[in-house]
1. For the subset of the stretch 97-151 comprising residues that are within 27 Å of GLY428 (Cβ to Cβ) and basic (Lys, Arg), which member is surrounded by the fewest Cβ atoms within 10 Å (Cβ to Cβ)?
2. What pairs can you find where one residue is in the stretch 37-50 and within 14 Å of VAL173 (Cβ to Cβ), the other is of a type in the set (Asp, Glu) and part of a helix (DSSP H, G or I), and their Cβ atoms are less than 7 Å apart, with a gap of 6+ or different chains?
3. Applying the selection to the stretch 247-265, what residues are open to solvent by 10 Å² or more (accessible area, probe 1.4 Å) and under 25 Å from VAL75 (Cβ atoms)?
4. Taking the stated definitions as given, is GLY169 closer than 23 Å to LEU40 by Cβ, in contact (Cβ under 8 Å) with a residue 60 or more places away in the chain and small (Gly, Ala, Ser)?
5. Where residues in the stretch 222-246 are more than 14 Å from LEU415 (Cα to Cα) and aliphatic (A, V, I, L, M), which of them is surrounded by the fewest Cβ atoms within 10 Å (Cβ to Cβ)?
6. Kindly indicate which of PHE363, PHE336 is out of contact with any Asp or Glu (no Cβ under 7 Å at 6 or more places or on another chain), of a type in the set (Phe, Trp, Tyr) and not in a helix (DSSP H, G or I).
7. Restricting to the stretch 366-383, what's the tally of residues that are out of contact with any helix residue (DSSP H, G or I) (no Cβ under 7 Å at 6 or more places or on another chain) and part of a helix (DSSP H, G or I)?
8. How about the stretch 89-115: which of its residues are part of a loop (DSSP other than H, G, I, E, B) and of a type in the set (Lys, Arg)?
Amino acid sequence: MQALDFGIFLFFTLGVVLFGCTFYRRGATANDFVKASQSLPGWIVGMSIFATYVSSISYIGYPGKAFAADWNAFVFSLSIPIASWAAARWFVPFYRRHGSASAYTFLEERFGRWARLYASACYLLTQIARMGSILYLLAVPMYILMGWDIHLVIIVTSLAVIVFSVLGGIRAVIWTDAVYGFLLIGGALLCLCLLAWRMPGGPSQLFDLAIHSPQGNKFSLGEFSADLTSSTFWVCLIYGIFINLQNYGIDQNYVQRYHTAKTDRDARFSALFGGWLFIPVSAIFFLIGTALYSYYTASPQLLPAEITAKPDYVFPFFIVHELPVGLRGLLIASIFAAGMSTVSTSVTSAATVLLTDYHNPFFPQASERRQVIFLRTSCIVIGLLGCIVAIAMLSVVSIIDVWWTLSSIFSGGMLGLFLLGIIPSKIGRIPALIGCLCGVAVIAWISLSSTLNLPGIHLHNYMAIVLGTTAIFITGFLCSKAI
């Protein structure tokens, strides 16, 4: 790594961390820490929602997926407009009226304490898994680029994120997310343009080699069959609809942002803006992966076999060996930007859940100072847990497959419980509990059937959230009519 690259990387990375630390305020209240006192403009909140979507899972995982396979995973992005429209139409007004910083307070009011604790526990498990995946992908390019110990990179990065999350709270996270968002878009566009013009036969060769690949059309969105045992177009689309409805409807990362906007109109705009912006940007990442396939197909001697075997390493390898001085440092900074924005979001949102769902119900008279201390301590604990998970993930082959599987399982059908709570028909606590137990059983069966070689059809793991949500909703609804 040249001195200029290293200087650019440090300038952007440390600069944004220091920028986030400037939001520290002595005597800040818990409301300011978790809601930013409802003072932020809609476009800033929208950029934060977008940056939360575009993590290093997108920056490295999407190109790795497109390099190794096709654009099947892009179908996930195509489902976002449905969820963002539903958020602007129903979810945002609902949570703004409700007022609680936690997405799960509503569930306790409808079904009792168990529902709130169940949903918040599922959320915390999902966020820790997500943080681990992202921190792992942050460390990969630095390992390839400079040969630094990958464990050390994960630890140092975790500490950097923890510092400004602890000091500045959600306000610091959202403003740094906005800076990260512009940086990662610019870096991705520059890299794609360079890849296209580096093709020996010009940009058109990129598409020729990808379309006529021996593996089939690299731009394919997947098979359109009704097979639920593999990652077809319909499996990815249905998975995307359910996971994005859950993101916008009951994920603390998103719900907390609705509360930070100045007005209801700003909050609705942020939901639409953040979701729609992700679609073209995710397409850029998939196109980078396809371009990498074409580039190394045209010049196979440039890519070592050990890198080919780890698709998530291909984009970082290209950055190291093919990008000019200066741009290389900018791209590494962009990858760090994408990952750090999402990790900081998970840290502050998980801390908010621990305060509102676990601390305050047991200590309702806690002072503002004690609540802020608890929030900051929780940020440290959650950040360290994410660091541990990242180190445990060093042996995976495709991080996006692992993350999507874990998110589908750990989600636990929370969306089904939420839908039972908002439908006009009155659902009691017992039917909701029965439905939830059935949903967990369905998720366990789908998740373990292949691993344990259980009899019957082995559905794709992406279907866990789909069928788990459906089982909770339908069982709970029918039980309410029978009881």
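1. Among those residues, the one meeting the criterion is ARG97.
2. VAL45/ASP266; MET47/ASP177; SER48/ASP177
3. The initial filter retains those residues of the stretch 247-265 that are open to solvent by 10 Å² or more (accessible area, probe 1.4 Å), namely 247, 251, 262-265.
If the condition is that a residue be open to solvent by 10 Å² or more (accessible area, probe 1.4 Å) and under 25 Å from VAL75 (Cβ atoms), then ASN247, ASP251 are the ones that fit.
4. yes
5. Applying the filter and picking the extreme gives ALA226.
6. Just one listed residue meets the conditions, PHE363.
7. Adding up the residues that qualify gives 5.
8. Keep residues of the stretch 89-115 that are part of a loop (DSSP other than H, G, I, E, B), which gives 99-104, 112.
Answer for the stretch 89-115, where residues must be part of a loop (DSSP other than H, G, I, E, B) and of a type in the set (Lys, Arg): there is none.
The values are calculated or read from the model by the stated rules, or taken from the named source; none is laboratory data. Computed from a predicted model, the values in this text were never measured in an experiment. Heads up, the Cβs are rebuilt from the backbone with ideal geometry, glycines too, and the neighbour counts pull from every protein chain shown. Quick note on the areas: whole protein, heavy atoms, side chains included, nothing else; ligands and nucleic acids left out. Shrake-Rupley method; radii C 1.70, N 1.55, O 1.52, S 1.80 Å.
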